[in-house]
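The values are calculated or read from the model by the stated rules, or taken from the named source; none is laboratory data. Since the model is a prediction, treat every value here as computed from it, not as a measurement. Cβ coordinates were reconstructed from backbone atoms using ideal geometry, including for glycine residues, and neighbour counts include every protein chain displayed.
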Amino acid sequence: MIVRFSKQETSECKQAASLRWQLARAANVANQRKDQSRTDQDIDYIGVKGELAVAKVLQINHDIHKGGIDPNIDMWYLEISIDVKTTFKPNGHLIFKSLDAFKSDIAILCSKVEDSEDILIEGWCTNKEFNNEARMVNLGAYECLGIPSVELRKIEQLWKFLTMKRVQ
């Protein structure tokens, strides 16, 4: 599912990304960026856009401007915690450094749509599914645990599940 952004949303995502990386460096949080071809601002910007895309689709009231260090949970839907991971290229992998790094109930993979400000929501899985199905992925500069996007559940399934949970 492709999510489009207004000019205002794009501007706010840029502001939120700038605040996030500045707060992290000011708090002496070590940079864990593996992709040296991108800046902290680039990484945070694409991450904020992924979060906003998911919040828009799932109709979650999510404040992209909230500060603080990322606790590996980006948002909540009722009592369900969600971590959003966003890549610069489609058809990637939902990745975590380790099984312990997946702290939320579910994780959602998004990717940047080439030559646009749009975000593609690739899919999602539960913590349990990731623990059972993740395998080592070689990303060139490093290896980590991951699941290919084609093996993730479609976002429509999550939307339906969360909607039914909300109205019950």
Worksheet item: Here are some residues: 73, 82. Which one is assigned to a strand (DSSP E or B) and surrounded by 12 or more Cβ atoms within 10 Å (Cβ to Cβ)?
Response: 82
Worksheet item: Got a number for residues in the stretch 114-126 being among the aliphatic types (A, V, I, L, M) and surrounded by fewer than 16 Cβ atoms within 10 Å (Cβ to Cβ)?
Response: 0
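Every residue in the stretch 15-28 that is at pLDDT 80 or above and either of a type in the set (Phe, Trp, Tyr) or surrounded by 15 or more Cβ atoms within 10 Å (Cβ to Cβ) (or both), please. So that I can check it myself, show each step before the final result.
Of all residues in the stretch 15-28, those at pLDDT 80 or above come to 15-20.
Passing the criteria: 16, 17, 18, 19, 20.
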Practice prompt. For residues that are surrounded by fewer than 15 Cβ atoms within 10 Å (Cβ to Cβ) and basic (Lys, Arg), scanning just the stretch 29-64, find the one that is modelled with the lowest pLDDT.
Written response: 33
Worksheet item: Here are some conditions: (1) within 16 Å of the chain's Cα centre (by Cα); (2) surrounded by 14 or more Cβ atoms within 10 Å (Cβ to Cβ); (3) of a type in the set (D, E, K, R). Residue 129 meets all but one. Which one does it not meet?
Response: (1)
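Mind checking which residues of the stretch 86-101 are touching a Leu at 6+ places or on another chain (Cβ under 9 Å) and surrounded by fewer than 23 Cβ atoms within 10 Å (Cβ to Cβ)?
87, 90, 92, 93, 95, 96, 97, 98, 99, 101
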Item to complete: Scan 150, 167 and give me the residue that is surrounded by fewer than 11 Cβ atoms within 10 Å (Cβ to Cβ) and modelled with pLDDT under 95.
Response: 167
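Yes or no, residue by residue, for (1) in contact (Cβ under 8 Å) with a residue 24 or more places away in the chain; (2) in a helix (DSSP H, G or I):
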| site | (1), (2) |
| --- | --- |
| 91 | yes, no |
| 100 | no, yes |
| 103 | yes, no |
| 115 | no, no |
| 123 | yes, no |
| 130 | yes, yes |
| 136 | no, no |
Worksheet item: What about residue 111, is it surrounded by 15 or more Cβ atoms within 10 Å (Cβ to Cβ), farther than 20 Å from residue 14 by Cβ, touching a helix residue (DSSP H, G or I) at 6+ places or on another chain (Cβ under 9 Å) and polar (S, T, N, Q)?
Response: no
